[in-house]
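We did not get these values from a lab; they are worked out from the coordinates using the rules stated. This one's a predicted model, so the numbers in the text were calculated from it and none came from an experiment. Positions of Cβ are backbone-derived with ideal geometry, glycine not excepted, and every protein chain shown enters the neighbour counts.
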Amino acid sequence: MSYLKDIDTRVKSLDYGADENNGRRQYARRKHLGDGYYVRVLYGLRCVDFRMYYVPYSYKVSQSHLRTNGISICIDEWKDLMEIVIPTINERFPQFANAKQCTYADDHLGQLGWLRCSSCFPFGHDDYYY
């Protein structure tokens, strides 16, 4: 829920024809949602893509690959999701509207607790990054 505004801003930039890279090749950025799930706004396909990633055996964590199963939402469907579906869910299930990320929990107050979080780091982490 906390990333909806960020994603919606990127989708709106698609609607207005804004070129994010000022004429250079556009690319998708992925945002980690937790537990191996990522969201990407694909500029070429003009859609929002939700996928789970995995790390093949004997690969490094930084070499994660996306799975073939997932969901892609075109821009019109995204607008319906934001204007109709999300407000309806928040109205009927207020616990979802008030849901918070795991980063607000007490075990994330220190760096070691954050690094041990299986939601933030579902594949572990490479030692040379930290």
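Overview of values
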quantity	calculated
³J(HN,Hα) computed for each position of segment 63-74 - Karplus, 6.51 cos²θ - 1.76 cosθ + 1.60, integer Hz, glycine/proline x	9, 6, 10, 8, 7, 6, 8, x, 9, 10, 10, 6
Over 20 Å between alpha carbons, listed pairs 5/60; 5/79; 5/100; 79/100	5/60; 79/100
Choice from 81, 14, 33 with maximal GNM fluctuation in the chain (Cα, 10 Å cutoff)	81
About the Cα centre, charge dipole magnitude for the chain (Lys/Arg +1, Asp/Glu -1 at Cβ), debye	340 debye
Expected 222 nm ellipticity per residue - DSSP helices of 4 or more, -39500 (n - 2.57), all of the chain, to 500	-6500 deg cm²/dmol
DSSP loop trypsin sites (Lys or Arg not before Pro) with at most 16 other Cβ within 10 Å excluded, longest remaining stretch of the chain	61-99
